[in-house]
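What follows is a single structure, written as structure tokens, with notes after it.
A short reminder: the numbers here are calculations on the coordinates, not readings from a lab. Predicted model, so just to flag it, every value in this text is computed and none were measured. Backbone-built Cβ (ideal geometry, glycine too); neighbour counts: all protein chains shown.
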Amino acid sequence: MNPDEFILAMLVNNEAGVLTRVSGLFARRVFNIDSLSVGVTDDPRISRITITARGDDYVKTQLVRQLEKLHDVKIVEVMPTTSTVMRELVLIKLNIAQKSRAGLMEAVAVFRAKVVDLTNDSVTLEITGERSKCNAFVEYLRPFGIAELCRTGLTAMSRGRKTLKMNAKPAQHT
Amino acid sequence: MVTGIANAYLDSSPLVAITGNVACEAIGKDSFQEVDITGVTMPITKHNFIVKDVSRLADILRDAFAIARRGRPGPVLVDIPKDIQQADCYYEPKKAAPVTRSNNNGKEAFAEAVKLISQCERPYIYTGGGTVGSNASQELLALAEKIDSPIGSSMMGLSAVSHDNPRFLGMTGMHGKYAASQVMGRADLLIAIGTRFSDRATGNKLAFIEGKKVIHIDIDPSEIGKNIPAFVSLIGDVKAVLKKLVAELPAGNRKAWHQEVESFKNCPDNRLEMPKDSLNPETVIQAVNRRAPKDTVVCTDVGQHQMWTAQYYHFAKPRSFITSGGLGTMGFGMGAAMGACIGNSKKKTVLFTSDGSFHMNMNEMATAVSNQLPLVIVLLNNNTLGMVRQWQTLFFDKRYSHTSLERRTDYVKLAEAFGAKGLRVTKLEQLDKAVKDAFAAKGPVLIEAVIDQDAKVLPMIPPGGTIKDIIVKA
């Protein structure tokens with residue numbers, strides 16, 4: 001991760017329009033989202049959003065405080081990179097014939113990637129891991145000619161017993 | 001309606017807007033008269049709802065009012081599709097949720113604030129709309145007394161302190177009083193209360209905080225450090241925070257500072273008066289001020305007349321000044337005056353407006369007449385969009401563009417056409433009688449006061465400027 005990059009984890013109501021409220025806040029306050037992933041939690045009423053963004057302490061503090069004011073946002077936390085498990089999933093399609101695949105399977109093994117689809121003239125690979133590992137794998141594959149690439153964006157969870165708790169926000173935040 | 005909501009958002013006014021929409025099944029199809037109003041208002045509301053199930057309607061409305069009022073107040077919108085409006089459901093009466101405005105400061109923050117205040121030599125209390133919103137005028141004065149500090153105010157905070165109070169220096173910022181701005185510049189500690197340091201209030205932000213520390217008291221944590229870095233912050237309801245702070249503070253006595261403040265107060269630049277013997281913005285506003293009871297609610301539109309009202313009217317009671325601050329919404333005044341009048345038991349209400357602003361929403365005169373609202377509408381007619389003209393004069397080499405509209409509106413006939421009373425004042429001698437008649441009348445009265453096209457709002461600190469750039473002469 002870049003030194004000015006940070007990860008925000010938040011629990012939000014699983015309702016229509018919540019993602020618009022969150023991303024709209026970034027847009028109107030002129031903050032950039034580098035990556036965003038969202039999905040429902042074990043509680044179907046609650047979704048979890050993980051955002052990576054960049055900025056100094058001012059940006060970080062403003063973002064958290066502004067996000068906390070959204071009615072649908074239950075809790076926001078900046079995840080400390082030293083005690084957080086971070087993962088991203090990348091799917092990469094290479095439209096190459098069998099004879100041009102020398103070295104590819106070796107890389108798949110070294111990076112602990114997976115072949116998820118294979119045809120005579122295409123290979124689709126999956127890799128999961130921290131962002132630097134995913135980046136390294138993508139860079140390695142570039143000379144083969146990447147036909148298509150999708151990244152899920154980072155998702156993150158604290159190490160140890162710590163969890164993102166939905167304790168009630170102080171009333172003045174909303 | 002969107003403008004009104006944005007206005008409430010920027011001025012932290014609690015507001016619940018209820019809109020109708022097409023039936024649920026027609027939503028998203030570009031149906032006749034369909035507007036995605038929740039999408040449109042998302043960035044200018046605290047929260048908004050679409051009600052898609054009538055059984056949720058009552059709870060959503062209760063929530064809407066609770067959200068609008070709690071914490072930092074603001075607007076909430078509830079969009080109700082047509083089929084939901086016509087649906088039946090079982091209604092269960094429930095009590096409204098209590099409005100929570102708690103504070104969550106630890107002992108350390110208060111101790112830090114107490115330390116800073118005790119150690120400073122030149123404190124300055126800078127109060128904003130949050131003090132009015134929190135009904136904290138008494139606590140504010142108690143603080144000023146205890147630490148022996150002058151008070152300056154943003155425009156939105158003006159009614160928190162009686163203008164006759166000797167500690168009160170008046171409005172600060174772009175069109176603030178000379179002494180209020182100078183003393184603020186000289187202070188070594190700024191105690192900012194319920195204010196967000198808008199660009200109109202601070203000018204150049206770096207110069208603004210030079211040589212001073214800031215204690216920021218606000219109910220909204222996101223305001224701390226947003227525009228101006230705070231040395232210490234106390235987050236919570238202004239009234240509660242001030243009460244606690246005053247109790248913990250030792251009494252201070254700052255004679256040298258006091259003398260310095262007085263010298264700024266007595267400086268000629270702090271008394272930029274207009275001629276007493278002509279019809280001008282100051283004489284008009286003072287004539288109304290003399291006639292109006294002290295608790296009269298005064299509303300304004302937006303522009304020069306608004307600044308003149310903020311400068312020359314002596315507000316005596318909290319919440320007696322209703323104006324559009326953050327958004328600067330021309331056309332705000334007519335609706336605001338009607339709302340203030342109805343919300344204040346239909347007491348006599350004053351609206352200062354202008355030819356530019358009044359033209360924006362003057363159709364609402366019809367409603368004022370229908371309801372026989374006792375409004376005294378004082379229209380300062382300079383036959384130009386004066387504030388923009390002032391900028392074109394001062395900053396754009398007098399290249400006047402689209403500010404002199406050459407309108408031929410006859411405001412007396414206009415008022416009469418609506419069924420209201422209209423009075424025209426062109427000379428100072430006519431002023432007092434017109435004001436007297438307006439206050440004696442039952443329904444709405446419009447007084448048109450004809451003023452000079454080039455009357456200016458002074459002093460003025462140019463946008464992004466500092467106290468050194470203050471303009472006191474045209």
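Given the pairs B:LYS46/B:LYS468; B:LYS346/B:LYS433; B:LYS46/B:LYS177, which span a C-alpha to C-alpha distance of over 30 angstrom in this model?
B:LYS46/B:LYS468; B:LYS46/B:LYS177
Excluding residues on the same chain fewer than 8 positions from B:LYS94, give the aspartates and glutamates whose Cα lies under 14 Å from its Cα.
B:ASP59, B:ASP63
Quick one: if the Förster radius is 22 Å, what FRET efficiency do B:ARG62 and B:VAL35 give, using the C-beta to C-beta distance and rounding to 0.05?
About 0.30, to the nearest 0.05.
Can you work out the FRET efficiency for the pair B:LYS52 and B:LYS427, with r the C-beta to C-beta distance and R0 = 35 Å, to the nearest 0.05?
0.05
Using θ = phi - 60° and the Karplus curve 6.51 cos²θ - 1.76 cosθ + 1.60, what whole-Hz ³J(HN,Hα) does each residue of the stretch B:244-258 get, with Gly and Pro shown as x?
Values per residue, Gly and Pro as x: 5, 4, 4, 5, 8, 7, x, 5, x, 9, 10, 5, 4, 5, 4 Hz.
Determine the distance separating the Cα centre of the stretch A:106-171 from the Cα centre of the stretch B:1-47; give it in Å without decimals.
If we compute the Cα centre of each part, the gap is 40 Å.
Roughly how many Å is it from the Cα centre of the stretch B:179-258 to that of the stretch B:267-329, as a whole number?
Value for the Cα centre distance between the two parts: 25 Å.
Hey, can you grab everything whose amide H is under 5 Å from the amide H of B:ILE322? Only 5+ residues off in sequence or another chain; H modelled, so Pro and N-termini drop out.
B:VAL298, B:CYS299, B:THR300
Ordered by residue, what ³J(HN,Hα) values in Hz, to whole numbers, does the stretch B:330-337 give under the Karplus form 6.51 cos²θ - 1.76 cosθ + 1.60, where θ = phi - 60° and Gly and Pro are x?
Coupling constants for the stretch B:330-337: 4, x, 5, x, 4, x, 5, 5 Hz.
Sort out for me the Cα centre separation of the stretch B:396-474 from the stretch B:103-175, rounded to whole Å.
33 Å
Sort B:TYR124, B:TYR90 so that the residue with the fewest other Cβ atoms within 10 Å of its own Cβ comes first and the one with the most comes last.
By the 10 Å Cβ count, ascending: B:TYR90, B:TYR124.
Computed on alpha carbon atoms, what radius of gyration and Dmax characterise the protein assembly as shown, expressed in Å?
Taking only Cα atoms of the protein assembly as shown, I get Rg and Dmax of 29.5, 102 Å.
To make sure I understand the rule: partners must be lysines, Cα under 26 Å from the Cα of B:LYS107, and not fewer than 8 residues away in the same chain. Which ones qualify?
A:LYS60, A:LYS69, A:LYS165, A:LYS169, B:LYS115, B:LYS146, B:LYS212, B:LYS213, B:LYS226, B:LYS239, B:LYS243, B:LYS244
Enumerate the calculated ³J(HN,Hα) couplings along the stretch B:123-139 in order (Karplus 6.51 cos²θ - 1.76 cosθ + 1.60, θ = phi - 60°), each rounded to whole Hz, writing x wherever the residue is Gly or Pro.
Those phi angles translate into x, 9, 8, 10, 9, x, x, x, 5, 5, x, 9, 6, 10, 4, 4, 5 Hz.
What is the fewest-to-most order of B:ILE451, B:ILE27 by other Cβ atoms lying within 10 Å of their Cβ?
B:ILE27, B:ILE451
Evaluate the Debye formula for the stretch B:107-270 with equal point scatterers sitting on the alpha carbons, no solvent, and hand back log10 of I(q)/I(0) at q = 0.10, 0.13, 0.18 Å⁻¹, in q order, two decimals.
-0.30, -0.52, -1.08
Quick check on the stretch B:2-86: take the gyration tensor over C-alpha atoms, sort the square-rooted eigenvalues as a ≥ b ≥ c, and tell me if it's rounded (a/c under 1.5), prolate or oblate.
Oblate shape, in that a/c is at least 1.5 and b/c is the bigger or equal ratio.
Please arrange B:CYS24, B:CYS267 by how many other C-beta atoms lie within 10 Å of their C-beta, fewest to most.
Fewest to most other Cβ atoms nearby, the residues stand as B:CYS267, B:CYS24.
Assign one of three labels to chain B, namely rounded, prolate or oblate, based on the Cα gyration tensor with a ≥ b ≥ c the square roots of its eigenvalues; rounded applies when a/c is under 1.5, prolate when it is not and a/b is larger than b/c, and oblate otherwise.
oblate
Looking at the stretch B:358-474, what % of its DSSP beta bridges pair antiparallel, to the nearest 5?
Percentage antiparallel, nearest 5: 10.
Have a look at B:ALA240, B:PHE32, B:ASN165 and report the one farthest towards the positive end of the charge dipole of chain B, computed about the Cα centre with Cβ charges (Lys/Arg +1, Asp/Glu -1).
Value computed over the given set: B:ASN165.
Nearest 20 debye, what's the magnitude of the dipole of the stretch B:255-321 about its Cα centre given +1 on Lys and Arg Cβ and -1 on Asp and Glu Cβ?
Roughly 340 debye, rounded to the nearest 20.
Taking amide hydrogens as modeled 1.01 Å from N in the peptide plane, which residues meet the under 5 Å criterion relative to A:ILE46, leaving out close sequence neighbours?
Correct list: A:ASN14, A:THR41.
Of A:PRO80, A:ASN135, B:THR296, which is farthest towards the positive pole of the protein assembly as shown's charge dipole, taken about the Cα centre with +1 and -1 on the beta-carbons of Lys, Arg and Asp, Glu respectively?
B:THR296
Considering the stretch A:85-155, what Rg and Dmax in Å follow from its alpha-carbon atoms?
11.5, 38
Find which of B:ILE117, B:SER134, B:PRO93 sits farthest along the positive direction of the dipole of the stretch B:89-140, computed with +1 on the beta-carbon of Lys and Arg, -1 on that of Asp and Glu, about the Cα centre.
Going by the charge dipole, the pick is B:PRO93.
So how far apart, in nm, are the two label points at B:THR409 and B:HIS163 if each is 7 Å from Cα heading toward Cβ?
2.5 nm
Around B:LEU15, which amide H atoms from residues at least 5 apart in sequence, or from another chain, sit under 5 Å from its own amide H, with H modelled in the peptide plane?
B:GLY74, B:VAL76
Per 0.36 nm of contour for each residue apart, how much would the distance between A:VAL116 and A:ASN2 grow if the chain were fully extended, relative to their Cα-Cα spacing?
38.0 nm
Loop sites only, by DSSP: take the GluC sites (Glu not before Pro) in chain B that have at most 15 other C-beta atoms within 10 Å and name the longest stretch containing none of them.
Longest gap between qualifying sites, sites excluded: B:274-405.
Assigning unit charges at the beta carbon (Lys, Arg +1; Asp, Glu -1) and nothing else, what dipole magnitude in debye, to the nearest 20, does the protein assembly as shown show about its Cα centre?
In debye, rounded to 20, the protein assembly as shown gives about 1120.
Could you calculate the contour length gain from A:ASP43 to A:ASN13, that is, 0.36 nm times the residue separation minus the distance between their Cα atoms, to one decimal place in nm?
Contour length minus Cα-Cα distance gives 9.8 nm.
Mind giving me the FRET efficiency for A:LEU149 and B:ALA23? R0 is 51 Å, r the Cβ-Cβ distance, nearest 0.05 is fine.
Here the calculated transfer efficiency is 0.75.
At 0.36 nm per residue, and after removing the present C-alpha to C-alpha distance, how many nm does the segment from B:LYS146 to B:ILE342 gain when stretched out fully?
Going from the current span to full extension adds 66.7 nm.
For chain A, with only Lys/Arg (+1) and Asp/Glu (-1) charged at the beta-carbon, what is the dipole magnitude about the Cα centre, in debye rounded to 20?
Its charge dipole is roughly 360 debye.
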